[in-house]
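Bear in mind these aren't lab numbers, they're just calculated from the coordinates by the rules spelled out. Since the structure is predicted, the reported quantities are computational estimates derived from the model, not experimental observations. Here the Cβ positions follow ideal geometry from the backbone for every residue, glycine too, while neighbour counts run over all protein chains shown.
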Amino acid sequence: MIAGKLSFIAGLAVSMALGWYAFPHVLYQRVDQPLRFSHKVHQTTAGMACDDCHSILASGRFSAIPGISKCAECHAAPVGETKDEKLLVANYVTPNREIPWKVYSRQPDNVYFSHANHIKLGKLACERCHNDHGKTDTLRPYEFDPISGYSRDLGESKFLRGAAFKTRTSMKMDDCSACHHERNVHTGCLDCHK
Amino acid sequence: MNAGRRNLLRFVGGAAAGVMITPAPWKLINDSALWSQNWSWIPKLPSGPRTVKYTTCTLCPAGCGVEARCVGEQPYGLVGVTGHPLSNGTLCPLGVGAHHLPYHPRRASFPLKRGPVGKHVPVSFDTAIAEISHAIEGRGRGTTLAVLDERPGRTLSLVYRRFLGGFSDAVYLTPPAHETVTLSMLSRMTDSPAGSLGFDIASSRAAISFGAPLLDGWGIPAQVNAARYRAGSPMKIVQVETKQSRTASLADLWLAPKPGTEAAVAMAIANVLVNQNLVPAANLDRAAGAAEYRELIGQFPPEAVAAITGIPPETIVAAAQMLAVNLPAVAIGGGDAGGGAATASEETAIAGLNLLLGAFHTPGGIMPRQEPPVPKEWNEWKLAPHSSIADVPDHSIAVLILGDSPSGDALPWTLIAKKLVPGKGLVVSLAPFVEGPSRHADYILPAAAFLETLEEVPTPPTATTASLSIAAALLPVPKGVVEPALVLSRLSGTEIALGPLLEQRAAAIQESKRGIVTDAAGSKPVTDFKTGDELWKALVAGGTWTAELVASKPPVHVDFQVAAISQRVLVVIHPASPADAAFPLALTPYAWRGASGSSVLPPLFTKVYQESLLRGSAIHCRVHPSTAAEAHVRDGDKVLVETRCGSCEQRAWLDASVMPGVIEVPAGPQGSKGDYSVLDVCALDDGGTWRSSGARIRRMS
């Protein structure tokens, strides 16, 4: 009888270990970013603010990831000694080629999200959705789900977020809804799915 | 521990139970759903740099500027353009979703012919042209070839008339006047100098509207908004309308007359204005037939009219006083996009209020407009005569070509059908959608839809200044789509190309040195453009040419046309025959502008639906609970709405805001496949209008 219970519990334990620990590792594929980028250095050493690069344009659109021309404003030639900055100048700034960043937060095509509304009207801080991403010293690998094709940041529930990912905040629809409910903001389908 | 079969099964059972409390199965289910959204054959926006292009909306005549936000070359969002000379940032829900329309299920993207069982089937362009040519050549004596152009005023409209000018018996037709009906009537009532008229509503201090949806997309909506939301002195609105429309709800004063009695309200207001000396006596006395007019309005005291219309006399007096103390004020007829105008007689009575209020040739009232210049050589063109389709003799049209661009206003098939030669009339549609009258066409040679081709946007018909802009081609044209000019070329055997003509028109404007061109960068005078080609490129890039205001020159001769008004309006208070007992209810179609003709609706348009319309099918009619009770109809029942012209199935929604005795039905596409409209059963009255039809309602078993 005890052996039977132990067998059951063993099966339970093995599948839970696989399901909670191994499954995410097997499911998500990791890709390194094309360059190491330090938000920390830009904020501390260079004394820059978030909206120096990520700003709301006059048209109301949000300049999410700045283009290479923005980088070139300071890095037309290397200003430091790091290998990554040299790569930046040689491979991207000089040939005027955009950096193929892997965007953690890229939403599906059927989602409409306005940074302007959330920052100006909602008065949300960047950290509310992006956590401490703006203070990181390097960019973590981009993880994506090969079945859905979406970034791990979009498809992962809170339960799957481990302590190792302190700088990541989920951007699932549930999180959007929860935040809207917290702030008593309308949540109609057509608000986000135009 | 014994690793026997039984324990192995328990291990598997435990594993199965355990896996259910891990994210694995649920994540995989979720992923499979997302995976199915990303199959390669599902249309997706291309990736690429985001760009902004400027164009002009053509879905209604307002000519609103549009900023098209594109990924690569594909528009993904349309918004208004701040500072646009006509729209100033305004864009209605229809315009916001306009980039969806080319992909609408009812889009025709290749030539179609009505098959033997009545359904449209593909046909080759050459075959269609040959058969249509044969029908044109073989039309009988005394019958005509006609083009019905729902968007007059364009260069293509002139091309239609020139094409018809090549036939001795052809006629160029336009739908019954709608938003401009008041202006048309005023042109007949005065000796206004040559040219058109427009409402200077942006400067009006009050407006009385007889069913016109002033706050729901009328005229140039941005100008109405500018007046209504003017700081300090917002324009007062008196809405005379049976239906509790959005404009009625937001108006300063809502007068809800029984259907068909609006003109009596106009006469009663005229009565109060004159008898209480609220307007200068000269406004009336200088007109021909002033004494007769005074006598006529004497038959419409508020107390008597109250009994006819159901509007309390003090409300009528209050409306007149509101207008009189807020001059300049305008009176606007024409009804809404679905119900259309009232009869000419009734609209004359409404238009006459403008003369009484002194609004004619007064800033803030009705002002003259000079049309844009056209190339001199165009004046040599032999053009077919122009007529309203309502004025064409019945059973006279052998071949009718429906124009390429639907107006978006209602045009009942019953009005068209009675003009065709019975059993032989051939209908050819050039519209891009199988909707509205096109559903009845024998041949459909679809034109490009909005955003697929260069389109000219002429002066909005209610504007006080001439304008011209060009809607750019931002989307690829489907292979089977046919340019209307090509159809005309093949039918006439003469080469006709629209593009060069549009460029000539731009050159004529440049030569005239009149007006300014406004684009996203600002305004500059036409004199800054050195060549016509330079101006043309500015228009194609989203610029809008606007002319200057014309100096007002008040008319010398004014006539209230008492005889014309009396024909119909007196019938309201002295009915010659009782109402049709078999059809005691009033069927009143209504619609959003741009969405009730041959147009289709983008999904985003659902944002303007009322909750009650979203509760179920769009095939519904709204009736007052007391009306429903008399017909033994309950909320949600399937009902048959019958008129003398036919019947249609609807779902009944009980709504206490509907006037008892009235059936309100949206005039847009209906049916499970959007294959019929309530306009198909609207009975035309002897004035050729369909605003209110005798009807009855009964529950279907």
Q | Only Lys, Arg (+1) and Asp, Glu (-1) charged, at Cβ; the stretch B:439-547 dipole about Cα centre in debye | A | 140
Q: Could you grab the relative contact order for chain B? Cα pairs under 8 Å, six or more apart, rounded to a whole percent.
A: 18
(Q) 5 Å is the cut-off here: which amide hydrogens, built 1.01 Å from N in the peptide plane, fall below it relative to A:Q33, excluding neighbours closer than 5 in sequence? (A) A:Y142
Q | Mean shadow area of the stretch B:481-567 over all directions, Cα convex hull, nm² | A | 11.7
(Q) For a quick size check, give me the Cα extents of chain B along its three principal axes, largest first, whole Å. (A) 116, 66, 60
Q) Shielding of B:446-459 by partners, i.e. mean partner chain Cβ atoms within 10 Å per residue? A) 0
Q: Take the Cα coordinates of the stretch B:1-110, assign each an equal point scatterer, and use the Debye formula without solvent to give log10 I(q)/I(0) at q = 0.14, 0.18 Å⁻¹.
A: -0.76, -0.99
Q: May I ask what percent, to the nearest 5, of DSSP beta bridges between residues of the protein assembly as shown are antiparallel?
A: 60
(Q) Compute, for chain B, the length of the dipole vector about the Cα centre, with Cβ point charges of +1 (Lys, Arg) and -1 (Asp, Glu) only. Units Debye, rounded to 20. (A) 2200
Q: Taking the Cβ of B:V540 as the centre, find all other residues whose Cβ is under 14 Å away and add up their charges (Lys, Arg: +1; Asp, Glu: -1).
A: -3
Q. In straight Cα distance, which lysines are under 21 Å from B:K530, not counting same-chain residues fewer than 8 positions off?
A. B:K376, B:K513
(Q) From the C-alpha coordinates alone, can you work out the Kirkwood hydrodynamic radius of the protein assembly as shown, in Å? (A) 31.4
Q: Using a/c under 1.5 as the rounded threshold, could you call the stretch B:183-268 rounded, prolate or oblate? The axes a ≥ b ≥ c are square roots of the C-alpha gyration tensor eigenvalues, and prolate needs a/b larger than b/c, oblate otherwise.
A: oblate
**Q.** Per-pair calculated FRET efficiency, R0 = 30 Å: A:S69 and A:V41 via Cβ, rounded to 0.05
**A.** 0.90
**Q.** Overall form of the stretch B:293-428 per C-alpha gyration tensor (a/c, 1.5; a/b vs b/c)
**A.** oblate
Q. What order, most packed first, do the peptides A:31-43, B:247-259 have when packing is the mean number of other Cβ atoms within 10 Å of each residue?
A. B:247-259, A:31-43
Q. log10 I(q)/I(0), Debye, Cα-only chain A, no solvent, q = 0.09, 0.10, 0.18 Å⁻¹?
A. -0.45, -0.55, -1.40
Q | Percentage relative contact order, the stretch A:8-123, counting C-alpha pairs under 8 Å, at least six apart | A | 24
Q: Choose one of A:S114, B:S124, A:S38: the residue whose Cα lies farthest towards the positive end of the charge dipole of the protein assembly as shown (beta-carbon charges +1 Lys, Arg; -1 Asp, Glu; about the Cα centre).
A: A:S38
**Q.** Shielding by other protein chains, B:6-12, mean Cβ within 10 Å
**A.** 6
(Q) Whole percent per 10 Å bin, from 0 to the bin with the longest distance: what is P(r) over all C-alpha pairs of the stretch B:163-218? (A) 16, 37, 29, 12, 5
Q) Once the Cβ-Cβ distance between B:E371 and B:D394 is put in as r, and R0 is 41 Å, what FRET efficiency do you end up with, to the nearest 0.05? A) 0.80
Q | Assigned charges on the beta-carbon of Lys, Arg, Asp, Glu; the protein assembly as shown dipole about Cα centre (debye) | A | 2960
Q: Please sort B:184-190, B:109-115, B:43-49 by packing, taking for each peptide the average over its residues of neighbouring beta carbons within 10 angstrom, highest first.
A: B:184-190, B:109-115, B:43-49
Q | Förster radius 35 Å - calculated FRET efficiency between A:A17 and B:V52, Cβ distance, rounded to 0.05 | A | 0.10
Q: Order by neighbour count: B:C57, A:C126, fewest other Cβ atoms within 10 Å first, most last.
A: A:C126, B:C57
Q: Give me A:V14, B:V19, B:V224 ranked fewest to most by other Cβ atoms within 10 Å of their Cβ, as a rough exposure proxy.
A: A:V14, B:V19, B:V224
Q) Which whole number gives the average, over all residues in A:20-28, of C-beta atoms from other chains lying within 10 Å of the residue C-beta? A) 3
Q: Fewest Cβ neighbours within 10 Å first, please rank B:H624, B:H99 accordingly.
A: B:H624, B:H99
**Q.** Normalised contact order of chain A, rounded percent, pairs of Cα under 8 Å and 6 or more residues apart
**A.** 26
Q: Would you work out which of B:A146, B:P363, B:A695 lies farthest towards the positive end of the dipole of chain B, given +1 charges on the beta-carbon of Lys and Arg and -1 on that of Asp and Glu, about the Cα centre?
A: B:A695
